[in-house]
1. Given Cα pairs under 8 Å that are at least 6 residues apart, what percent is the relative contact order of the chain?
2. Can you list which of the DSSP-assigned H helices in the chain have a Cα extent of 27 Å or more along the long axis and an average Kyte-Doolittle score of at least 1.0?
3. Report the residue, chosen from L79, L17, L53, that carries the largest GNM mean-square fluctuation when the chain is represented by alpha-carbon nodes joined by springs under 10 Å.
4. Excluding same-chain residues fewer than 8 positions from K24, which lysines have a Cα within less than 20 Å of its Cα?
5. Between [x] 56, 21, 20; [y] 47, 31, 21; [z] 47, 29, 14, which matches Cα extents along the principal axes in Å calculated for the structure shown?
6. Helix-only estimate, please: 222 nm mean residue ellipticity of the chain, summing -39500 (n - 2.57) across DSSP H runs of length 4 or more and dividing by its residues, to the nearest 500.
Amino acid sequence: MWLLIVHSLAVLIFILLYAFRFRKLVPNPEQNILLQIQVATKDWKSTPNLVLLIAFSLFLLYPLTLGFSFYLRTDANVLVVILWIIWAYNWSKYTFWRE
């Protein structure tokens, strides 16, 4: 349970850090956030883009942390991994390949 709390706080901190501190440093901040993530992968070494990519990575890993914090000792952890793969694939597909 503590891992879920730490992960939730990390996601929240990185999202708020990007939204209030680094969003104004990014060119064209009025774009869609998925387009900003796609652009951030090309220049990932700059700090605003790195913060955005870390926030997106933590967002992708959130269902895995949520599922493992409740179902780690049962056989349902296989379902958690399968659902996480579907979750991460769909978000990555819509973010990077715009399908």
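Rule-based calculations on the coordinates, nothing more; no lab input. Quantities reported herein were computed from a predicted structural model and do not represent experimental measurements.
1. Relative contact order comes out at 32 percent.
2. Helices meeting the criterion: 47-71.
3. It is L79.
4. K24 reaches K42, K45.
5. Only one option fits the structure, namely [y].
6. After summing the helix terms and dividing by the residues of the chain, the value is -22000 deg cm²/dmol.
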